[in-house]
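The values are calculated or read from the model by the stated rules, or taken from the named source; none is laboratory data. This structure is a prediction, so every number in the text was calculated from the model and none was measured. All Cβ positions, even for glycine, are placed from backbone atoms using ideal geometry, and neighbour counts span all protein chains on display.
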Amino acid sequence: MFHLDFFGVAASGLMQLMYLLRQKDVASPHENFHLLLILAYHAALIATMVGKQPTLYARYRVPIYAIVRPLGYLSPTVRNTRHAAAQLLANPASPGLLGMLADLKRLMLASRVTGTAVIGVVVAVDPAVSLAVQYICSYLAAANSGYCSTQMMSDPLTQRRVAGFSSLMDLLTLPFSAMVPLPKGEADVATAARQCVGLLFYLQLIVSIMLPVYILVRSMPQSFLPRPPPPLPAAAGSWAQLQHSVQRAYAAANLSVWRTFRVPQSGALPSSLVFWLVVALSWTLALALHGL
């Protein structure tokens, strides 16, 4: 686990160094300075991973990960990459079934759904932290309205595909989907834009957030979860009581997330029913928020 983290940070730092060397003569001093700061940030993170055992990173891996990974999405370099990724969608929609699958692959790469999900699978942390970090990173990586204005997503063929997918999901997720009122009085252009944003939100919810946490929980025995702290002595001070309460709440949150995502294995409900409930409730949430 530590080696995966180390090589991931080292690879990311190497990519930033190569980017700096390639563009240092053509970029502005401000851009180069920002890249130097990013390199320093990577070097500082690697410094916490080496040295006398246990290393600083090994002792505080979870809080470091929970803080560092979302901060990475706030970097101007990452934001520029996000806008540049939309260039993957700067082509017309591809006809045919294979073309539809190719367009879906381009969409998932451009919208950063795939990258956000992969990091969440590779870096294993406590379930509650994983769920929170995946949600925050998905939110920071999203630029759905910008993606939906690209040539591929505004293509009439793509709009027909999205409308057909929306109708199919409405049918498959009854009766939940029928609980959300339909928007009224919208033009076709507004409807297509709304459906596009809703589709991207649904992909992010399922692929970037729920799938990585589900894979993590399936591979994590309950014995790996943080344990509640032992009872405090009666004479414990207020600061010790606060720490104790936080530790208990953290352990309870991890156990709750673990149990929620382990329902299919518990035998309480059939796996097919659990799968349908996840899909249906997620789709209903997308309907409620974006009016698909």
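So which of R82, R69 ends up being surrounded by 17 or more Cβ atoms within 10 Å (Cβ to Cβ) and either modelled with pLDDT of 75 or more or hydroxyl-bearing (S, T, Y) (or both)? Walk me through it before giving the result.
Working: R82 fails: either modelled with pLDDT of 75 or more or hydroxyl-bearing (S, T, Y) (or both).
Exactly one of R82, R69 is surrounded by 17 or more Cβ atoms within 10 Å (Cβ to Cβ) and either modelled with pLDDT of 75 or more or hydroxyl-bearing (S, T, Y) (or both), namely R69.
Mind counting the residues in the range 9-20 that are farther than 20 Å from Y57 by Cα and at pLDDT below 75?
Within the range 9-20, residues that are farther than 20 Å from Y57 by Cα and at pLDDT below 75 number 4.
Check L107, L157, L101 and return the single one that is assigned by TED's automatic domain parsing to the domain that holds Q222, more than 30 Å from A253 (Cβ to Cβ) and crowded, with 21+ Cβ neighbours inside 10 Å.
Matching residue, one of L107, L157, L101: L107.
Of the residues that sit in the range 216-235 and are assigned to a loop (DSSP other than H, G, I, E, B) and surrounded by 13 or more Cβ atoms within 10 Å (Cβ to Cβ), which one is modelled with the lowest pLDDT?
To start, the set of residues in the range 216-235 that are assigned to a loop (DSSP other than H, G, I, E, B) comprises 219-221, 225-235.
Narrowing the set further to residues that are surrounded by 13 or more Cβ atoms within 10 Å (Cβ to Cβ) leaves 220, 225-226, 228-229, 232.
Numbers: M220: 82, L225: 82, P226: 81, P228: 82, P229: 79, L232: 74.
Checked the range 216-235; the qualifying residue modelled with the lowest pLDDT is L232.
Taking P183 as the residue in question, decide whether it is modelled with pLDDT of 75 or more and either surrounded by 11 or more Cβ atoms within 10 Å (Cβ to Cβ) or among the aromatic types (F, W, Y) (or both). Explain how you work it out, then say what you get.
Working: modelled with pLDDT of 75 or more: no; either surrounded by 11 or more Cβ atoms within 10 Å (Cβ to Cβ) or among the aromatic types (F, W, Y) (or both): yes.
No: the conditions fail for P183.
Could you tell me which of the residues A132, A93 is assigned to a loop (DSSP other than H, G, I, E, B) and of a type in the set (A, V, I, L, M)?
On the way: A132 fails: assigned to a loop (DSSP other than H, G, I, E, B).
The unique qualifying residue is A93.
Please work out which residue is surrounded by the most Cβ atoms within 10 Å (Cβ to Cβ), limiting yourself to the range 236-263 and to residues that are over 30 Å from V279 (Cα atoms) and not polar (S, T, N, Q).
My answer is H244.
Kindly evaluate Q151 against the criterion of being assigned by TED's automatic domain parsing to the domain that holds V217 and in contact with a Gly (Cβ under 7 Å, 6 or more places away or on another chain).
Numbers: assigned by TED's automatic domain parsing to the domain that holds V217: yes; in contact with a Gly (Cβ under 7 Å, 6 or more places away or on another chain): no.
For Q151, the condition - assigned by TED's automatic domain parsing to the domain that holds V217 and in contact with a Gly (Cβ under 7 Å, 6 or more places away or on another chain) - is not met.
Among the residues of the range 145-153, are any touching a Pro at 6+ places or on another chain (Cβ under 7 Å), at pLDDT 80 or above and not hydroxyl-bearing (S, T, Y)? First the steps, then the outcome.
Pass one, the range 145-153, residues touching a Pro at 6+ places or on another chain (Cβ under 7 Å): 151-152.
Of the ones still in play, those that are also at pLDDT 80 or above are 151-152.
Then keep just the ones that are not hydroxyl-bearing (S, T, Y); that gives 151-152.
Within the range 145-153, one or more residues are touching a Pro at 6+ places or on another chain (Cβ under 7 Å), at pLDDT 80 or above and not hydroxyl-bearing (S, T, Y).
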